[in-house]
1. Please go through segment 409-441 and give me each residue that is of a type outside the set (A, V, I, L, M, F, W, C) and closer than 14 Å to Ala14 by Cα, ordered by number.
2. Which one is nearest to the ligand (Cβ to nearest atom), of the residues in segment 1-42 that are at pLDDT 95 or above and aliphatic (A, V, I, L, M)?
3. Do we find a residue being among the polar types (S, T, N, Q) and within 15 Å of the ligand (Cβ to nearest atom) anywhere in segment 446-462?
4. Could you grab me the full set of residues in segment 368-383 that are part of a helix (DSSP H, G or I) and within 16 Å of the ligand (Cβ to nearest atom)?
5. Of these, Asn439, Asn427, which one is at negative phi, away from the ligand (no atom under 16 Å from the Cβ) and polar (S, T, N, Q)?
6. Taking segment 43-55 as the region of interest, how many residues are within 15 Å of the ligand (Cβ to nearest atom) and assigned to a helix (DSSP H, G or I)?
7. I'm trying to understand the selection: among the residues of segment 440-457, which are outside any strand (DSSP E or B) and at pLDDT 95 or above?
8. What residue, among those in segment 50-74 that are of a type in the set (Phe, Trp, Tyr) and surrounded by fewer than 23 Cβ atoms within 10 Å (Cβ to Cβ), is nearest to Met426 (Cα to Cα)?
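The values are calculated or read from the model by the stated rules, or taken from the named source; none is laboratory data. In this text, all values refer to a predicted model and were calculated from it rather than measured experimentally. Cβ sites come from the backbone with ideal geometry, for glycine too, and all protein chains shown count toward neighbours.
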Amino acid sequence: MKIDFPEQFWWGAATSGPQSEGRFNKKHANVFDHWFEIEPDAFYDQVGPDVASNFYNSYKEDIALMKEIGLNSFRTSIQWTRLIDDFEEATVNEDAVRFYNAVIDECLLQGIRPVINLFHFDMPIALQKKYGGWESKHVVELYVKFASKCFQLFGDRVTEWFTFNEPLVIVDGAYLYQFHYPKLVDGRKAVQVAYNIALASAKAVKAYRKINTHVDGKIGIILNLTPSYPASDDPADLSAARFADLWMNEMFLDAAVKGQFPKELTDTFQKDGVLWDASEAELYQIAENTIDLLGVNFYHPNRVQRPDVSADSLAVDWLPTKYFDGFAMPGRRMNVDKGWEIYPQALYDIALNIRDNYGNIPWFVSENGMGVSKEERYLNEDGIIEDDYRIQFIQEHLYWLAKGMAEGSNCFGFHLWTPIDCWSWMNAYRNRYGFISTNIHTQVKTIKKSGRWFRKVVEENQLEV
Ligand code: BG6
C-alpha cells in the first residue's frame with residue numbers, strides 16, 4: 001500500500017544545542033555541564049556534554065549529510081548559556097551569534113527549514129543556584145529577555161519558533177524523580193515550576209508577537225504527549241488514567257492551546273495544598289497568548305492503573321503518582337533496549353484528540369524514534385548500520401499518523417529524533433536514535449540504512465507499507 005503525504009510536508013529530524021554542539025563558550029555552565037563536573041559517574045560511561053556530536057565545529061558537514069538524506073527541515077535549540085553573556089541584561093556573546101547565524105544560513109542555503117526551540121533542559125547553573133531556576137518568576141523574566149534577543153537576532157530568517165521542549169520532563173526530572181539537576185523531591189516546587197514554565201511560554205509568545213517582523217512567523221511549544229490507557233474498566237483504573245492525562249498531557253497542552261489549566265487539575269492541587277502561586281494578571285497573560293502551532297514528541301504510550309496507596313508511597317511528599325501507577329500490559333511489544341513499549345496507534349489517538357479537543361490546531365510530530373544501544377552490532381561489511389528495526393518503527397508510526405491526517409487532523413510534519421546520533425543527558429551515548437551514526441572517538445559520521453530509506457520517502461512524498 002502507498003500513502004501520499006501533503007505537499008510541503010515537513011520531513012525532518014530534531015536535536016538540541018546542548019546535545020549536539022559541544023561546550024563552545026565556557027563562560028557559563030548549564031545544569032548538565034555542572035552536574036557532569038561534580039558527578040561524572042552519574043553519566044553513562046562517564047561521557048559528558050563537552051564535545052557532544054561536535055556540531056559547533058562540523059555544522060556544515062552535518063547539514064550536508066542531512067541534505068543527503070533528503071531532510072527539508074531541522075529542529076535544534078539555541079543555548080541560553082552560550083548566547084547570553086549577562087543574564088540580567090541579555091547581552092550576547094558575539095561568537096555565539098556568529099555560530100547561530102551560520103547554522104541558520106547554512107540550512108537555508110541547503111534548502112532545509114531551520115526550526116528553533118528556545119529551551120531544551122539547559123538552565124544556566126548560575127540562575128539555578130541564585131534563584132532556584134524555574135522556581136523563580138524573576139528567571140521567567142530573564143528567559144523572556146533571552147527569547148526576545150533570539151527573535152531580534154534570528155527572526156528575519158527563522159519562521160517557526162518553539163518556547164520549550166518537554167516542560168514536563170523538567171518538572172518530573174528536576175523536582176520529583178531525580179533524573180535532572182537539582183534532583184529534588186518536592187511536590188510543591190514541582191507544581192510551581194510547571195506553572196512558571198507555562199507562564200514563561202505565554203510571555204515569550206507575547207514578546208514574539210510584539211517583535212516578529214516576518215510575515216510567516218509562528219510560535220508554539222513542544223510537548224511530550226503520552227496518551228494514558230487504563231489497565232481495565234474498573235473505575236479506580238479509569239480515574240487513575242484520567243489524572244495521569246491531566247498531569248502528563250493536559251496541564252501544559254491546555255495552558256498553551258486553550259489559555260487555561262484544567263479545573264479538575266487545579267482543584268486537586270488546591271485540595272492537596274500544593275496549588276501554585278498565580279496572580280490574576282499572569283493568568284490573563286496565559287489566556288491571551290496561546291500558541292500558533294504545536295510540536296508533539298511521542299515515543300511510547302502510558303499504561304496506567306490505580307495507585308499503590310501504601311503508607312510508604314505517600315510518605316515522601318506530594319507526588320502525582322499518588323493518583324496513578326504505571327502498568328506493564330501483558331503481551332505488549334517492547335523496544336527491549338530502551339524499555340519502552342512500542343504502540344504506534346497512539347499517534348492516531350493523539351491526532352484525533354488534537355482534532356477534536358484542541359481546535360484542530362496545526363501540529364507536527366516533533367520527535368519520534370527508536371533508541372537502540374550498541375548499534376554497532378548491526379554494522380554490515382560496508383560499515384553501514386542496518387537498522388531495519390528503525391525503518392519499521394518509523395513506517396508504523398507514519399502509517400497511524402497518516403490515518404489520523406486522512407480523518408482530518410491538521411498535522412504538517414514528522415521529525416525523527418534525531419538526525420545524527422547525539423549525546424543524551426545521563427544516558428549520554430547509550431541509546432542511538434539517528435539516521436546517521438557518530439563514532440564518538442573519531443567523530444566520523446555515517447548514514448545508516450534508515451537514512452537512505454528515508455530519502456526515498458521524502459523524494460516520493462509517499463510511504464510504502
Ligand atoms: C526526548 C528528549 O524526550 O528524548 C531528548 O527531548 C532526548 O532530549 C530523547 O535525548 C532521548 O532520550 P534518551 O534518554 O532515550 O536517550
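1. Residues satisfying the conditions are Gly413, His415, Thr418, Pro419, Asp421, Ser424, Arg432, Tyr433, Gly434.
2. Once the filter is applied, the top-ranked residue is Ala14.
3. No - not one qualifying residue is present in segment 446-462.
4. Of the residues in segment 368-383, the ones part of a helix (DSSP H, G or I) are 375-378.
If the condition is that a residue be part of a helix (DSSP H, G or I) and within 16 Å of the ligand (Cβ to nearest atom), then Glu375 is the only one that fits.
5. Asn439
6. Here is the first cut: in segment 43-55, the residues within 15 Å of the ligand (Cβ to nearest atom) are 43-45, 47-49, 52-53, 55.
Cutting the leftovers down to assigned to a helix (DSSP H, G or I) gives us 44-45, 55.
So the answer is 3.
7. Once the filter is applied, which keeps residues that are outside any strand (DSSP E or B) and at pLDDT 95 or above, segment 440-457 yields Val444, Lys448, Lys449, Ser450, Gly451, Arg452, Trp453, Phe454, Arg455, Lys456, Val457.
8. Among them, the one singled out is Tyr56.
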